[in-house]
Amino acid sequence: MEIRDRYAPSPTGLQHIGGVRTALFNYLFAKSKGGKFILRLEDTDRTRFSEAYVQNLYDTFSWLGIKWDEGPDIGGPAAPYIQSERTEIYKKYAACLVEKDRAYYCFCTAERIEEIRREREAAHSSLSGYDRHCRIIPKEEAARRAKAGEAHTVRLKIPLEETTCFRDQILGDIEWKNSDINPDPVLLKSDGFPTYHLANIVDDHLMGISHVLRAQEWLPSTPLHVIIYKSFGWEHPVFCHLPMVNGADGKKLSKRHGATSIDEFRLKGYLPEALINYIALIGASYIEGKDIYTLDELIANFSMDKLNKASGVFDYKKLDWYNGQYIRMKSDEDLSALTLPLAIDAGLFGGKGKAPNAKEADLFRAAIPLVKERAVFLKEIPEKLFYLFSEPEIPRAEEFFPKKMGKEETLELLKKGLPLIAPMAEAPSDGNAEEIIKSWAEKENIKLGDVMMPLRVAITGARVSPPLFGSLRLLGAEKSLSRINSAINKLESF
Ligand code: GLU
Ligand code: ZN
(Lines give C-alpha, C1' and ligand atoms only; values in the text may rest on other atoms or scores of the structure.)
(Ligands and ions follow the chains in the order given, each with its own letter.)
Protein backbone atom coordinates (compact mmCIF):
# COMPACT_ATOMS: atom_id res chain seq x y z
CA MET A 1 0.00 0.00 0.00
CA GLU A 2 1.29 3.44 -0.85
CA ILE A 3 1.72 5.67 2.17
CA ARG A 4 -0.01 8.99 1.62
CA ASP A 5 -0.56 11.63 4.24
CA ARG A 6 -1.45 15.28 4.21
CA TYR A 7 -1.33 18.65 5.85
CA ALA A 8 -4.81 20.15 5.63
CA PRO A 9 -4.74 23.65 7.07
CA SER A 10 -7.64 26.08 7.05
CA PRO A 11 -6.28 29.43 5.85
CA THR A 12 -7.82 31.37 8.71
CA GLY A 13 -4.62 32.54 10.38
CA LEU A 14 -0.86 32.77 10.08
CA GLN A 15 1.13 29.53 10.08
CA HIS A 16 2.21 28.82 13.63
CA ILE A 17 4.32 26.34 15.54
CA GLY A 18 1.48 23.84 16.04
CA GLY A 19 0.50 23.73 12.38
CA VAL A 20 4.04 23.53 11.12
CA ARG A 21 4.73 20.70 13.52
CA THR A 22 1.74 18.75 12.18
CA ALA A 23 2.97 19.39 8.64
CA LEU A 24 6.51 18.41 9.55
CA PHE A 25 5.50 15.11 11.17
CA ASN A 26 3.37 14.26 8.14
CA TYR A 27 6.29 15.13 5.89
CA LEU A 28 8.76 13.06 7.92
CA PHE A 29 6.42 10.11 8.12
CA ALA A 30 5.66 10.07 4.38
CA LYS A 31 9.32 10.46 3.44
CA SER A 32 10.46 7.83 5.93
CA LYS A 33 8.13 5.37 4.21
CA GLY A 34 8.87 6.42 0.63
CA GLY A 35 5.33 7.79 0.45
CA LYS A 36 3.67 11.02 -0.64
CA PHE A 37 3.04 14.16 1.36
CA ILE A 38 0.08 16.22 0.19
CA LEU A 39 -1.08 19.76 0.87
CA ARG A 40 -4.81 20.40 0.88
CA LEU A 41 -6.43 23.74 1.58
CA GLU A 42 -9.51 23.42 3.77
CA ASP A 43 -10.99 26.78 2.95
CA THR A 44 -14.69 26.10 3.46
CA ASP A 45 -14.96 28.55 6.34
CA ARG A 46 -15.39 31.54 4.08
CA THR A 47 -16.00 34.03 6.86
CA ARG A 48 -12.51 33.64 8.33
CA PHE A 49 -10.73 32.95 5.05
CA SER A 50 -8.12 35.34 3.72
CA GLU A 51 -5.94 35.15 0.63
CA ALA A 52 -3.12 36.64 2.72
CA TYR A 53 -3.14 33.51 4.90
CA VAL A 54 -2.78 31.31 1.83
CA GLN A 55 0.20 33.38 0.75
CA ASN A 56 1.63 33.12 4.26
CA LEU A 57 1.29 29.34 4.05
CA TYR A 58 3.27 29.18 0.81
CA ASP A 59 5.88 31.67 2.03
CA THR A 60 6.35 29.82 5.31
CA PHE A 61 6.97 26.44 3.77
CA SER A 62 9.15 27.75 1.01
CA TRP A 63 11.28 29.49 3.66
CA LEU A 64 11.41 26.28 5.70
CA GLY A 65 12.30 24.29 2.60
CA ILE A 66 9.51 21.75 3.10
CA LYS A 67 7.97 20.61 -0.17
CA TRP A 68 4.81 18.63 -0.82
CA ASP A 69 4.42 16.08 -3.60
CA GLU A 70 0.91 17.16 -4.51
CA GLY A 71 -0.87 20.39 -3.72
CA PRO A 72 -2.82 23.39 -5.01
CA ASP A 73 0.25 25.09 -6.45
CA ILE A 74 1.75 22.06 -8.20
CA GLY A 75 -1.31 19.92 -8.91
CA GLY A 76 -1.39 16.15 -8.82
CA PRO A 77 -3.61 13.17 -9.62
CA ALA A 78 -6.31 14.10 -7.08
CA ALA A 79 -6.60 17.80 -8.08
CA PRO A 80 -8.05 20.21 -7.23
CA TYR A 81 -6.49 20.41 -3.74
CA ILE A 82 -8.56 23.40 -2.67
CA GLN A 83 -11.87 22.52 -1.04
CA SER A 84 -13.75 25.56 -2.31
CA GLU A 85 -13.10 24.22 -5.82
CA ARG A 86 -14.59 20.84 -4.95
CA THR A 87 -18.09 21.82 -3.80
CA GLU A 88 -19.83 19.80 -6.53
CA ILE A 89 -18.01 16.69 -5.31
CA TYR A 90 -19.26 17.16 -1.74
CA LYS A 91 -22.83 17.75 -2.91
CA LYS A 92 -22.70 14.53 -4.85
CA TYR A 93 -21.39 12.55 -1.88
CA ALA A 94 -23.91 14.11 0.52
CA ALA A 95 -26.68 13.09 -1.88
CA CYS A 96 -25.21 9.63 -1.99
CA LEU A 97 -25.50 9.34 1.82
CA VAL A 98 -29.13 10.53 1.70
CA GLU A 99 -29.76 7.94 -0.97
CA LYS A 100 -28.30 5.24 1.30
CA ASP A 101 -30.46 6.47 4.17
CA ARG A 102 -27.34 7.39 6.15
CA ALA A 103 -28.12 11.10 6.02
CA TYR A 104 -31.28 13.16 5.74
CA TYR A 105 -32.57 16.57 4.78
CA CYS A 106 -33.18 18.95 7.63
CA PHE A 107 -35.49 21.89 7.00
CA CYS A 108 -35.13 23.52 10.38
CA THR A 109 -34.42 27.22 10.27
CA ALA A 110 -31.60 28.83 12.22
CA GLU A 111 -34.32 30.43 14.38
CA ARG A 112 -35.78 27.05 15.31
CA ILE A 113 -32.36 25.67 16.24
CA GLU A 114 -31.71 28.74 18.36
CA GLU A 115 -35.10 28.41 20.03
CA ILE A 116 -34.37 24.83 21.10
CA ARG A 117 -31.11 25.96 22.53
CA ARG A 118 -32.78 28.72 24.52
CA GLU A 119 -35.57 26.47 25.80
CA ARG A 120 -33.04 23.91 26.99
CA GLU A 121 -30.99 26.54 28.67
CA ALA A 122 -34.03 27.87 30.52
CA ALA A 123 -34.91 24.32 31.62
CA HIS A 124 -31.29 23.66 32.67
CA SER A 125 -31.34 20.66 30.34
CA SER A 126 -28.13 18.70 29.82
CA LEU A 127 -29.12 18.03 26.22
CA SER A 128 -27.16 19.82 23.54
CA GLY A 129 -27.09 20.00 19.79
CA TYR A 130 -29.78 19.21 17.29
CA ASP A 131 -32.98 17.48 18.46
CA ARG A 132 -33.20 15.16 15.41
CA HIS A 133 -36.50 16.82 14.49
CA CYS A 134 -36.29 16.07 10.75
CA ARG A 135 -34.86 12.57 11.08
CA ILE A 136 -38.35 11.09 11.00
CA ILE A 137 -39.67 12.94 7.96
CA PRO A 138 -40.47 10.21 5.40
CA LYS A 139 -37.75 10.01 2.78
CA GLU A 140 -40.04 10.69 -0.19
CA GLU A 141 -41.62 13.70 1.44
CA ALA A 142 -38.20 15.15 2.33
CA ALA A 143 -36.93 14.55 -1.22
CA ARG A 144 -40.00 16.29 -2.62
CA ARG A 145 -39.61 19.32 -0.37
CA ALA A 146 -35.90 19.61 -1.14
CA LYS A 147 -36.54 19.33 -4.84
CA ALA A 148 -39.21 22.03 -4.63
CA GLY A 149 -36.51 24.36 -3.40
CA GLU A 150 -37.19 24.45 0.34
CA ALA A 151 -34.04 25.55 2.16
CA HIS A 152 -32.33 22.61 3.84
CA THR A 153 -29.15 21.18 5.22
CA VAL A 154 -28.02 17.56 5.04
CA ARG A 155 -27.44 15.87 8.38
CA LEU A 156 -25.69 12.63 9.21
CA LYS A 157 -27.94 9.92 10.63
CA ILE A 158 -25.88 8.66 13.52
CA PRO A 159 -26.79 5.06 14.41
CA LEU A 160 -28.17 5.53 17.90
CA GLU A 161 -27.50 2.35 19.82
CA GLU A 162 -23.97 1.64 18.64
CA THR A 163 -20.53 2.26 20.02
CA THR A 164 -17.75 3.48 17.75
CA CYS A 165 -14.24 2.13 18.17
CA PHE A 166 -10.96 2.86 16.48
CA ARG A 167 -7.31 2.46 17.19
CA ASP A 168 -5.05 5.46 17.42
CA GLN A 169 -1.39 4.83 16.64
CA ILE A 170 -0.26 6.79 19.66
CA LEU A 171 -3.17 6.63 22.08
CA GLY A 172 -4.29 3.04 21.50
CA ASP A 173 -7.89 1.81 21.39
CA ILE A 174 -10.56 4.45 21.70
CA GLU A 175 -14.23 3.82 22.23
CA TRP A 176 -17.11 6.29 22.13
CA LYS A 177 -20.79 5.65 22.67
CA ASN A 178 -22.62 7.08 19.69
CA SER A 179 -25.05 8.69 22.09
CA ASP A 180 -22.17 10.85 23.30
CA ILE A 181 -21.49 12.20 19.84
CA ASN A 182 -22.97 15.55 18.80
CA PRO A 183 -26.42 14.49 17.48
CA ASP A 184 -26.71 14.27 13.71
CA PRO A 185 -24.27 17.01 12.71
CA VAL A 186 -24.65 18.96 9.50
CA LEU A 187 -22.65 17.63 6.55
CA LEU A 188 -23.85 20.06 3.91
CA LYS A 189 -24.92 23.57 4.79
CA SER A 190 -27.94 25.31 3.26
CA ASP A 191 -25.66 27.35 1.00
CA GLY A 192 -24.37 24.12 -0.54
CA PHE A 193 -21.01 24.35 1.22
CA PRO A 194 -19.80 21.27 3.08
CA THR A 195 -18.87 21.31 6.75
CA TYR A 196 -15.33 20.43 7.76
CA HIS A 197 -16.35 16.85 8.61
CA LEU A 198 -17.85 15.97 5.23
CA ALA A 199 -15.21 17.68 3.10
CA ASN A 200 -12.36 16.28 5.17
CA ILE A 201 -13.55 12.69 4.88
CA VAL A 202 -14.55 12.79 1.23
CA ASP A 203 -11.18 14.29 0.37
CA ASP A 204 -9.10 11.94 2.49
CA HIS A 205 -10.90 9.08 0.78
CA LEU A 206 -10.68 10.41 -2.79
CA MET A 207 -7.07 11.48 -2.30
CA GLY A 208 -6.11 8.01 -1.09
CA ILE A 209 -4.88 9.21 2.31
CA SER A 210 -3.57 6.21 4.25
CA HIS A 211 -2.55 7.99 7.46
CA VAL A 212 -3.98 10.99 9.25
CA LEU A 213 -1.48 12.65 11.58
CA ARG A 214 -3.06 15.64 13.23
CA ALA A 215 -3.16 17.51 16.52
CA GLN A 216 -4.84 15.85 19.48
CA GLU A 217 -7.44 18.60 19.58
CA TRP A 218 -9.11 16.83 16.64
CA LEU A 219 -9.52 13.60 18.58
CA PRO A 220 -13.13 14.38 19.66
CA SER A 221 -14.10 14.64 15.97
CA THR A 222 -12.66 11.27 15.08
CA PRO A 223 -15.53 9.00 16.26
CA LEU A 224 -17.82 11.05 14.05
CA HIS A 225 -15.38 10.68 11.18
CA VAL A 226 -15.28 6.92 11.66
CA ILE A 227 -19.08 6.87 11.46
CA ILE A 228 -19.02 8.87 8.23
CA TYR A 229 -16.50 6.45 6.71
CA LYS A 230 -18.72 3.54 7.71
CA SER A 231 -21.78 5.25 6.31
CA PHE A 232 -20.09 5.52 2.95
CA GLY A 233 -18.87 1.93 3.21
CA TRP A 234 -15.24 3.09 3.09
CA GLU A 235 -12.24 2.01 5.16
CA HIS A 236 -10.90 4.78 7.32
CA PRO A 237 -7.23 5.76 7.31
CA VAL A 238 -4.90 5.05 10.21
CA PHE A 239 -5.29 7.78 12.80
CA CYS A 240 -2.44 9.24 14.75
CA HIS A 241 -3.26 12.13 17.06
CA LEU A 242 -0.16 14.10 17.88
CA PRO A 243 0.58 15.27 21.42
CA MET A 244 -0.12 18.97 21.90
CA VAL A 245 2.55 21.63 22.18
CA ASN A 246 2.30 23.60 25.41
CA GLY A 247 4.09 26.55 26.91
CA ALA A 248 6.25 26.19 30.02
CA ASP A 249 3.14 26.62 32.23
CA GLY A 250 1.48 23.53 30.74
CA LYS A 251 -1.13 25.54 28.86
CA LYS A 252 -1.59 25.33 25.11
CA LEU A 253 1.10 27.38 23.39
CA SER A 254 -0.22 30.85 22.64
CA LYS A 255 0.85 34.45 22.19
CA ARG A 256 1.10 34.79 25.96
CA HIS A 257 4.19 32.57 25.87
CA GLY A 258 5.97 34.46 23.12
CA ALA A 259 6.19 34.26 19.35
CA THR A 260 4.01 31.57 17.82
CA SER A 261 3.73 32.47 14.14
CA ILE A 262 6.58 31.35 11.94
CA ASP A 263 6.75 34.85 10.49
CA GLU A 264 7.69 36.23 13.89
CA PHE A 265 10.46 33.66 14.27
CA ARG A 266 11.74 34.42 10.79
CA LEU A 267 11.80 38.15 11.45
CA LYS A 268 13.57 37.64 14.76
CA GLY A 269 16.41 35.94 12.92
CA TYR A 270 15.82 32.25 13.53
CA LEU A 271 17.18 29.91 10.91
CA PRO A 272 14.76 27.52 9.24
CA GLU A 273 17.06 24.56 9.97
CA ALA A 274 17.03 25.37 13.69
CA LEU A 275 13.25 25.66 13.80
CA ILE A 276 12.76 22.41 11.92
CA ASN A 277 15.26 20.56 14.08
CA TYR A 278 13.73 21.84 17.29
CA ILE A 279 10.07 21.44 16.30
CA ALA A 280 10.66 17.87 15.14
CA LEU A 281 11.93 17.00 18.60
CA ILE A 282 9.01 18.38 20.61
CA GLY A 283 7.08 15.44 21.98
CA ALA A 284 9.33 12.92 20.25
CA SER A 285 12.44 11.04 21.25
CA TYR A 286 14.91 9.84 18.67
CA ILE A 287 18.52 8.95 19.47
CA GLU A 288 19.50 9.34 23.12
CA GLY A 289 21.88 12.26 23.53
CA LYS A 290 21.70 13.45 19.93
CA ASP A 291 20.30 16.96 19.46
CA ILE A 292 21.31 18.04 16.02
CA TYR A 293 19.56 16.41 13.08
CA THR A 294 19.54 17.39 9.45
CA LEU A 295 16.24 16.98 7.64
CA ASP A 296 17.54 13.76 6.08
CA GLU A 297 18.51 12.42 9.50
CA LEU A 298 15.07 13.29 10.83
CA ILE A 299 13.52 11.35 7.97
CA ALA A 300 15.82 8.39 8.57
CA ASN A 301 15.01 8.35 12.30
CA PHE A 302 11.31 9.11 12.23
CA SER A 303 8.80 6.52 13.30
CA MET A 304 5.45 6.85 15.01
CA ASP A 305 6.52 4.82 18.02
CA LYS A 306 9.01 7.56 18.87
CA LEU A 307 6.19 10.05 19.44
CA ASN A 308 5.15 10.61 23.04
CA LYS A 309 1.62 10.41 24.36
CA ALA A 310 2.08 13.33 26.68
CA SER A 311 2.15 16.86 25.37
CA GLY A 312 5.46 18.48 24.61
CA VAL A 313 6.71 21.77 25.96
CA PHE A 314 7.94 24.52 23.70
CA ASP A 315 11.10 25.81 25.28
CA TYR A 316 12.16 29.14 23.77
CA LYS A 317 15.62 28.90 25.37
CA LYS A 318 16.25 25.54 23.78
CA LEU A 319 15.24 26.92 20.41
CA ASP A 320 17.74 29.75 20.92
CA TRP A 321 20.43 27.20 21.63
CA TYR A 322 19.59 25.43 18.37
CA ASN A 323 19.73 28.68 16.51
CA GLY A 324 23.21 29.42 17.82
CA GLN A 325 24.36 25.95 16.87
CA TYR A 326 23.07 26.34 13.32
CA ILE A 327 24.64 29.78 12.99
CA ARG A 328 28.00 28.22 13.89
CA MET A 329 27.52 25.43 11.38
CA LYS A 330 27.17 27.92 8.52
CA SER A 331 30.16 28.84 6.44
CA ASP A 332 31.30 32.46 6.70
CA GLU A 333 30.19 32.98 3.10
CA ASP A 334 26.68 31.68 3.76
CA LEU A 335 26.34 33.66 6.94
CA SER A 336 27.51 36.81 5.25
CA ALA A 337 25.00 36.31 2.42
CA LEU A 338 22.20 35.62 4.92
CA THR A 339 22.89 38.62 7.10
CA LEU A 340 23.81 41.19 4.45
CA PRO A 341 20.15 42.14 3.86
CA LEU A 342 19.72 42.55 7.63
CA ALA A 343 22.83 44.73 7.73
CA ILE A 344 21.51 46.93 4.92
CA ASP A 345 18.19 47.16 6.73
CA ALA A 346 19.88 48.08 9.99
CA GLY A 347 21.80 50.89 8.28
CA LEU A 348 25.25 49.40 8.78
CA PHE A 349 26.57 50.98 5.58
CA GLY A 350 25.79 54.59 6.35
CA GLY A 351 22.01 54.76 6.43
CA LYS A 352 18.95 52.55 6.56
CA GLY A 353 18.50 50.63 3.32
CA LYS A 354 21.88 51.68 1.91
CA ALA A 355 23.78 48.93 0.11
CA PRO A 356 27.51 48.50 0.78
CA ASN A 357 30.21 49.50 -1.68
CA ALA A 358 32.74 46.81 -2.66
CA LYS A 359 35.11 47.67 0.18
CA GLU A 360 32.37 47.61 2.78
CA ALA A 361 31.02 44.32 1.44
CA ASP A 362 34.50 42.78 1.78
CA LEU A 363 34.86 44.13 5.29
CA PHE A 364 31.47 42.74 6.26
CA ARG A 365 32.35 39.32 4.94
CA ALA A 366 35.74 39.41 6.72
CA ALA A 367 34.10 40.42 10.01
CA ILE A 368 31.76 37.42 10.19
CA PRO A 369 34.21 35.21 12.12
CA LEU A 370 34.42 37.90 14.81
CA VAL A 371 30.76 37.55 15.73
CA LYS A 372 29.84 34.06 14.60
CA GLU A 373 30.89 32.23 17.74
CA ARG A 374 28.58 34.02 20.12
CA ALA A 375 25.58 35.01 18.02
CA VAL A 376 22.22 33.50 18.86
CA PHE A 377 20.27 35.48 16.24
CA LEU A 378 21.22 36.55 12.76
CA LYS A 379 20.38 40.17 13.43
CA GLU A 380 22.97 40.34 16.20
CA ILE A 381 25.62 39.97 13.54
CA PRO A 382 25.17 43.39 11.92
CA GLU A 383 24.23 44.94 15.28
CA LYS A 384 27.57 44.01 16.77
CA LEU A 385 29.58 45.28 13.82
CA PHE A 386 28.63 48.94 13.66
CA TYR A 387 31.95 50.01 15.16
CA LEU A 388 33.77 48.67 12.11
CA PHE A 389 31.77 50.78 9.67
CA SER A 390 31.40 54.06 11.50
CA GLU A 391 33.22 55.77 14.33
CA PRO A 392 31.78 54.55 17.61
CA GLU A 393 30.64 57.17 20.07
CA ILE A 394 33.27 57.67 22.74
CA PRO A 395 31.66 56.64 26.01
CA ARG A 396 31.99 58.39 29.36
CA ALA A 397 35.38 58.23 31.07
CA GLU A 398 34.52 55.51 33.61
CA GLU A 399 33.84 53.06 30.81
CA PHE A 400 37.55 53.07 29.98
CA PHE A 401 38.81 52.37 33.47
CA PRO A 402 40.18 48.93 34.26
CA LYS A 403 39.28 47.58 37.71
CA LYS A 404 40.46 49.76 40.59
CA MET A 405 41.94 52.39 38.29
CA GLY A 406 41.11 56.00 37.62
CA LYS A 407 41.58 58.48 34.81
CA GLU A 408 45.31 59.15 35.15
CA GLU A 409 46.33 55.50 35.27
CA THR A 410 44.06 54.67 32.35
CA LEU A 411 45.50 57.49 30.26
CA GLU A 412 48.96 56.27 31.02
CA LEU A 413 48.09 52.76 29.91
CA LEU A 414 46.62 53.99 26.63
CA LYS A 415 49.64 56.13 25.88
CA LYS A 416 52.03 53.36 26.75
CA GLY A 417 50.12 50.92 24.56
CA LEU A 418 50.07 53.24 21.56
CA PRO A 419 53.27 51.87 19.91
CA LEU A 420 51.77 48.37 19.97
CA ILE A 421 48.76 49.25 17.87
CA ALA A 422 50.31 49.25 14.40
CA PRO A 423 52.28 46.00 14.93
CA MET A 424 49.16 44.31 16.28
CA ALA A 425 46.93 45.57 13.46
CA GLU A 426 49.46 44.34 10.94
CA ALA A 427 50.31 41.05 12.64
CA PRO A 428 49.83 38.05 10.34
CA SER A 429 47.41 36.41 12.76
CA ASP A 430 45.39 37.13 15.90
CA GLY A 431 47.72 34.75 17.72
CA ASN A 432 50.70 36.89 16.77
CA ALA A 433 48.94 40.05 17.85
CA GLU A 434 48.18 38.46 21.19
CA GLU A 435 51.81 37.42 21.52
CA ILE A 436 52.93 41.02 20.94
CA ILE A 437 50.82 42.51 23.70
CA LYS A 438 51.36 39.62 26.10
CA SER A 439 55.14 39.77 26.06
CA TRP A 440 55.03 43.54 26.27
CA ALA A 441 52.70 43.43 29.30
CA GLU A 442 54.96 40.93 30.99
CA LYS A 443 58.00 43.10 30.40
CA GLU A 444 56.21 46.20 31.65
CA ASN A 445 54.73 44.29 34.55
CA ILE A 446 51.19 45.25 33.56
CA LYS A 447 48.22 42.95 33.83
CA LEU A 448 47.04 41.99 30.33
CA GLY A 449 43.40 42.63 31.22
CA ASP A 450 44.23 46.13 32.47
CA VAL A 451 45.65 47.29 29.19
CA MET A 452 43.13 45.40 27.05
CA MET A 453 40.12 47.16 28.59
CA PRO A 454 40.85 50.78 27.63
CA LEU A 455 42.13 49.66 24.24
CA ARG A 456 38.94 47.70 23.63
CA VAL A 457 36.72 50.62 24.61
CA ALA A 458 38.73 53.01 22.43
CA ILE A 459 38.53 50.70 19.39
CA THR A 460 34.98 49.36 19.69
CA GLY A 461 33.23 51.90 21.90
CA ALA A 462 32.17 49.29 24.46
CA ARG A 463 33.53 47.13 27.28
CA VAL A 464 31.89 44.06 25.80
CA SER A 465 32.68 43.64 22.13
CA PRO A 466 33.85 41.25 19.44
CA PRO A 467 37.51 40.17 19.76
CA LEU A 468 40.00 43.04 19.91
CA PHE A 469 42.80 41.60 17.77
CA GLY A 470 40.48 40.81 14.87
CA SER A 471 38.99 44.29 15.17
CA LEU A 472 42.43 45.93 14.97
CA ARG A 473 43.31 43.84 11.95
CA LEU A 474 40.09 44.70 10.11
CA LEU A 475 40.26 48.40 10.94
CA GLY A 476 43.93 48.63 9.99
CA ALA A 477 46.75 50.48 11.73
CA GLU A 478 45.78 53.98 10.69
CA LYS A 479 42.14 53.91 11.82
CA SER A 480 43.01 52.00 14.98
CA LEU A 481 45.64 54.57 15.94
CA SER A 482 43.33 57.43 15.29
CA ARG A 483 40.68 55.89 17.54
CA ILE A 484 43.18 55.45 20.38
CA ASN A 485 44.30 59.05 19.94
CA SER A 486 40.77 60.38 19.98
CA ALA A 487 40.13 58.42 23.15
CA ILE A 488 43.23 59.89 24.75
CA ASN A 489 42.16 63.42 23.81
CA LYS A 490 38.67 62.89 25.04
CA LEU A 491 39.84 61.35 28.33
CA GLU A 492 42.21 64.25 28.89
CA SER A 493 39.38 66.70 28.44
CA PHE A 494 37.10 64.99 30.98
N1 GLU B 1 -8.63 21.85 8.51
C2 GLU B 1 -8.27 21.20 9.72
C3 GLU B 1 -7.26 22.09 10.43
O4 GLU B 1 -7.36 23.27 10.28
C5 GLU B 1 -7.74 19.83 9.41
C6 GLU B 1 -7.73 18.88 10.58
C7 GLU B 1 -7.34 17.51 10.08
O8 GLU B 1 -6.16 17.30 9.84
O9 GLU B 1 -8.23 16.70 9.87
O10 GLU B 1 -6.40 21.70 11.14
ZN1 ZN C 1 -34.46 19.71 11.11
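Values for this structure:
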read-out	value
Of residues in region 190-209 being under 32 Å from the mean Cα position of the chain (by Cα) and open to solvent by 10 Å² or more (accessible area, probe 1.4 Å), the one farthest from Ile279 (Cα to Cα)	Phe193
Residues that are charged (D, E, K, R) and over 30 Å from Gly347 (Cβ atoms), drawn from region 388-425	Lys403, Lys404, Lys407, Glu408, Glu409, Glu412, Lys415, Lys416
Single residue of Lys384, Lys379 found to be in contact (Cβ under 8 Å) with a residue 24 or more places away in the chain, buried (at least 19 other Cβ atoms within 10 Å of the Cβ) and charged (D, E, K, R)	Lys384
Helices (runs of 4 or more DSSP H) wholly inside region 1-102 that include at least 3 residues being among the hydrophobic types (A, V, I, L, M, F, W, C) and either within 16 Å of ligand 2 (Cβ to nearest atom) or open to solvent by 20 Å² or more (accessible area, probe 1.4 Å) (or both)	87-99
Breaking point among (1) within 16 Å of ligand 2 (Cβ to nearest atom); (2) modelled with pLDDT of 95 or more; (3) at positive phi, for Glu150	(3)
Number of the condition not met by Gln169 [criteria: (1) more than 20 Å from Phe232 (Cα to Cα); (2) more than 16 Å from ligand 1 (Cβ to nearest atom)]	(2)
Residues located in region 396-408, provided they are assigned to a helix (DSSP H, G or I) and open to solvent by less than 90 Å² (accessible area, probe 1.4 Å)	Ala397, Glu399, Phe400, Lys407
All positions within region 172-207 that are under 19 Å from Cys96 (Cα atoms), small (Gly, Ala, Ser) and not in a helix (DSSP H, G or I)	Ser190, Gly192
Which numbered condition His225 fails, given (1) within 22 Å of Lys306 (Cα to Cα); (2) without any contact (Cβ under 8 Å) to a residue 40 or more places away in the chain	(1)
Meets criteria (away from ligand 2 (no atom under 16 Å from the Cβ), within 19 Å of Lys33 (Cα to Cα) and either of a type in the set (A, V, I, L, M) or open to solvent by 10 Å² or more (accessible area, probe 1.4 Å) (or both)) for Ala284	yes
Some residue of region 174-189 being among the small types (Gly, Ala, Ser), over 30 Å from Ser303 (Cα atoms), open to solvent by 60 Å² or more (accessible area, probe 1.4 Å) and without any contact (Cβ under 8 Å) to a residue 40 or more places away in the chain	yes
Residue check, His236 within 30 Å of Ile282 (Cβ to Cβ), open to solvent by 40 Å² or more (accessible area, probe 1.4 Å) and more than 16 Å from ligand 2 (Cβ to nearest atom)	yes
Of residues in region 128-156 being surrounded by 12 or more Cβ atoms within 10 Å (Cβ to Cβ) and among the aliphatic types (A, V, I, L, M), the one nearest to ligand 1 (Cβ to nearest atom)	Leu156
Segments classed as helices (runs of 4 or more DSSP H), wholly inside region 241-318, with at least 2 members that are modelled with pLDDT under 90 and of a type outside the set (Asp, Glu)	262-268
Among the residues listed as Arg40, Arg102, Arg86, the single one being more than 23 Å from Asp263 (Cα to Cα), touching a helix residue (DSSP H, G or I) at 6+ places or on another chain (Cβ under 8 Å) and within 16 Å of ligand 1 (Cβ to nearest atom)	Arg86
Matching residues, region 130-167, being part of a loop (DSSP other than H, G, I, E, B) and closer than 13 Å to Asn178 by Cβ	Arg132, Lys157, Ile158, Pro159, Leu160, Glu161, Glu162
Qualifying residues in region 188-228 (those that are touching an Asp or Glu at 6+ places or on another chain (Cβ under 7 Å) and among the aliphatic types (A, V, I, L, M)) - the one nearest to ligand 1 (Cβ to nearest atom)	Val212
Close pairs (6 angstrom Cβ cut-off, 6 or more residues apart or separate chains): closer than 16 Å to Thr60 by Cα and of a type in the set (S, T, N, Q) in region 268-293, assigned to a loop (DSSP other than H, G, I, E, B) and modelled with pLDDT of 95 or more anywhere	Asn277/Tyr293
Test set (1) crowded, with 17+ Cβ neighbours inside 10 Å; (2) more than 16 Å from ligand 1 (Cβ to nearest atom) - Arg112 fails condition number	(1)
Filter result (of a type in the set (D, E, K, R), part of a helix (DSSP H, G or I) and farther than 16 Å from Gly461 by Cα) within region 344-395	Asp345, Lys359, Glu360, Asp362, Arg365, Lys372, Glu380
Pairs where the first residue, in region 134-146, is touching a residue at least 24 places away in the same chain (Cβ under 8 Å) and the second is of a type in the set (A, V, I, L, M, F, W, C) and within 16 Å of ligand 1 (Cβ to nearest atom), C-beta under 7 Å, 6+ apart	none
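The values are calculated or read from the model by the stated rules, or taken from the named source; none is laboratory data. Computed from a prediction, not measured in an experiment: that's the story for all the values here. For neighbour counting, all protein chains shown are included, and Cβ atoms are generated from backbone atoms with ideal geometry for every residue, glycine included. Heads up: the accessible areas ignore ligands, DNA and RNA and are worked out on the full protein's heavy atoms, side chains in. Shrake-Rupley method; radii C 1.70, N 1.55, O 1.52, S 1.80 Å.
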